Amino acid sequence: MYTLTDVPWCYYQMGDVTRDGKVDAADVTLHTNYILGKTSLSSNALYLADLDRDGVINVFDNILIKEMIQ
């Protein structure tokens, strides 16, 4: 869990976990790997990964990212 006060201003679109300027399958993959404990995320990426703003990065956020790219 993180708090919004931990995150500096961010210029990327919500869901752009890779911070490459677009929301795509790479973001879903990175997000999934974070949920599975296979990778870590920076504070900016954590902010971008929490689409429902509940302070927890989970499968519900992953679904929202997938919906953005369909």
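A few notes on this one:
- Residue list for region 1-52, restricted to those being under 18 Å from Met68 (Cα atoms), open to solvent by 50 Å² or more (accessible area, probe 1.4 Å), among the hydrophobic types (A, V, I, L, M, F, W, C) and modelled with pLDDT under 95: Met14
- Top-ranked residue in region 14-39 [being in contact (Cβ under 8 Å) with a residue 40 or more places away in the chain and part of a loop (DSSP other than H, G, I, E, B); ranked as nearest to Phe60 (Cα to Cα)]: Gly15
The values are calculated or read from the model by the stated rules, or taken from the named source; none is laboratory data. This is a predicted model, so every value here is computed, not measured. No Cβ is skipped: glycine too gets one built from the backbone with ideal geometry, and neighbour counts run over all protein chains shown. Surface accessibility is based on the protein's heavy atoms, side chains included, excluding ligands, DNA and RNA. Shrake-Rupley method; radii C 1.70, N 1.55, O 1.52, S 1.80 Å.
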